[in-house]
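I have placed the structure first, in the form of structure tokens, so that the comments after it can refer back to it.
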Amino acid sequence: MSRRTIICLFLVLVMLLSLGTIAVSAQAGLTYTIKLGDNLWTLANKYLGSGTAWPAIMATTNQKNIEDPTFAYITNADLIHPGWKLAIPSAEEAEAFLATYDPGKPEMLFGARAKGQLVVGSWWTAGGEAEGLAGMFRIYKEKYPDVEIVNATVAGGAGSVFKGILKTRLIGGDPPDTFQLHAGLEVEGYSPEQYLQPLDDLYAAEGLEEVFPADLLTLLKYKDHYWGVPVNIHRSNVLWYNKTLFDQAGVTPPTSFDEFFAVCDALKAKGIAPYIMGTSGGWEGPHVFEDVLAGTCGAETYRGLWTGQVPWTDACVATALENFKKMVSFANADHPALDWAAAAQYIVDGKGAMFIMGDWTDGYFTSKAFTDYGWTSPPGTKGIFVALSDSFALTAQAPNMENSRNWLAVCGSLEGQEAFNPQKGSICARTDCDPQLFNAYLQSAMQDWAKDAIVPSVMHGAAAFESWVSDFKDAMALFITTGDVAGTQAVLQQACVDAGICQ
């Protein structure tokens, strides 16, 4: 046998051994270091035979991370980086995982620590809200390091997308452990006596009735039980403005509708977009209108519209619709393409002067390191605080009940609320938070909360049942397009009747 033949046979043998090693590795699973240009889909296609098997790689790697922190911790399948170490399962392991994998259950993509998981559902995905939630997660991790937190956020529509997914999971008997819930009548839409745990005992154990204000406690009770632990107080009615643009136009913050429209004219004359809206989510325009409604009708009449004591045929509703119609006439033409955050960015970029939105906008500005802004009450609402509160509920079939109750205790705690609210752009639900932790806007909100007339936000679950809110939202979204005052007023009155509120 020639030397050349021997070398060729040797090389073939090496290749066969290599193939055998790869096959064994693939069968038993392997470790892989990410290279530039890799993504989970192509890696799953290469090692598991199909790109759709990528969830198996993510889940296996995240479990490995708990056992060995040198492995990557993947929170977003689209964001992986060169140098990260992945654990690729065997084909059999991947097949077993995928046989039960449900894309609606993000917790399946994460591991479980010694004391299991905590699956937290919310719609907080942007700017200060995400940073605030991360602050509470940090407090929880310090207290309960043996629990894996799964941040099961769903973006879109101020929670409307999340709520649809949540209800499917609740009805299916496979819910997250805890989820974000607006304080007030929003809870009615979740059939709380069937799907949620009352929290009266937790309120007693944590002394929450002593640290939450009376108005908030009243808002939190439904059928004589507490169903959520509030983490904050938000104000719906804030007019934000770009200081530099106001200085350029020589205008000051308006307090009445006449002043607002005069300021719009002055800004427009200087070539400055006077008023910015974003309405792509369907809720933003109705959100602004609830503030216009309060500013036009006053606190008592506004409350009466939601309790049935004041009919929607009242003259102040027609005036409010006219005010809103004129306000929209000054708005940016591309508002249907913008959500609230994109609209707020126009203020940051100096592309518009005024923006009406809740005080989570302050958190957004903070996250962008933007300081050239001022604030005031929208027209007519000085002395009125249109309020909402974010809380967390406990599902009746929570897979990790003890972990969930511990989470709610953190939500209601002083340290949890002080970690959350300065980032979120809201004030504490508790009355004992340190004002010095908060910026100038939030300190002003604390002062207003203590003295203003408090009225409930409709678009954020406090003022009305979900079906009524949905009808209100649809009517106002259509009004932005049609400007039909009389028709919209009639629709609102009929919706109130259909909700069983108005006669």
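Rule-based calculations on the coordinates, nothing more; no lab input. Not measured: the values here are computed from a predicted model. FYI the Cβ positions are ideal-geometry reconstructions off the backbone, even for glycines, and counts take in every protein chain you see.
The table that follows gives values for the structure above.
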item: Mean residue ellipticity (222 nm) of the chain, computed from DSSP H runs ≥ 4 via -39,500 (n - 2.57), nearest 500; result: -15000 deg cm²/dmol
item: Extension gain, residue 316 back to residue 204 (0.36 nm per residue minus Cα-Cα distance, nm); result: 36.0 nm
item: Nonlocal amide H pairs with residue 373, under 5 Å, H built at 1.01 Å; result: 243
item: Viscosity 1.306 mPa s, 10 °C: Kirkwood-radius Stokes-Einstein D of the chain over Cα pairs, µm²/s; result: 63
item: Cβ-Cβ FRET estimate between residue 259 and residue 33, R0 fixed at 56 Å, reported to 0.05; result: 0.35
item: Amide hydrogen neighbours beyond the local backbone of residue 117, cut-off 5 Å, H modeled; result: 148
item: Karplus (6.51, -1.76, 1.60) ³J(HN,Hα), θ = phi - 60°, over region 252-257, in Hz, Gly and Pro reported as x; result: 10, x, x, 10, 10, 5
item: Isotropically averaged projected area of region 238-357, using the convex hull of Cα atoms (one quarter of hull area), nm²; result: 7.2
item: Residue range of the chain that is longest and free of trypsin sites (Lys or Arg not before Pro) which are both DSSP loop and sparsely packed (at most 14 other C-beta within 10 Å); result: 36-222
item: Set 351/424; 268/326; 325/368; 64/115 screened for pairs whose C-alpha atoms are more than 21 Å apart; result: 351/424; 325/368
item: Gain in span if fully extended, residue 76 to residue 101, counting 0.36 nm per residue against the direct Cα distance; result: 7.3 nm
item: The chain: antiparallel DSSP beta bridges as a percent of all, rounded to 5; result: 60
item: Degrees, to the nearest 10: 414-424 long Cα axis against longest axis of the chain; result: 80
item: Amide proton proximity set for residue 332, modelled H, under 5 Å, gap of 5+; result: 275, 277
item: HN-Hα J in Hz across region 112-119 - Karplus 6.51, -1.76, 1.60, θ = phi - 60°, x for Gly and Pro; result: 10, 7, 4, 10, x, 10, 10, 9
item: Region 310-366 versus region 65-105: alpha-carbon centroid distance in Å; result: 42
item: Cα convex hull of region 444-503, projected area averaged across orientations, nm²; result: 5.5
item: Mean-position separation - Cα centroids, region 398-418 and region 148-193, in angstrom; result: 16
item: Angle between the chain longest axis and helix 91-100 axis [Cα atoms, degrees, rounded to 10]; result: 30
item: Per residue Cα convex hull volume in Å³ - calculated over region 30-101; result: 81
item: Bins of 10 Å from zero: percent of alpha-carbon pairs in region 344-420; result: 14, 31, 27, 19, 9
item: Between 0 and 90°, nearest 10: helix 160-171 axis offset from the chain longest Cα axis; result: 60
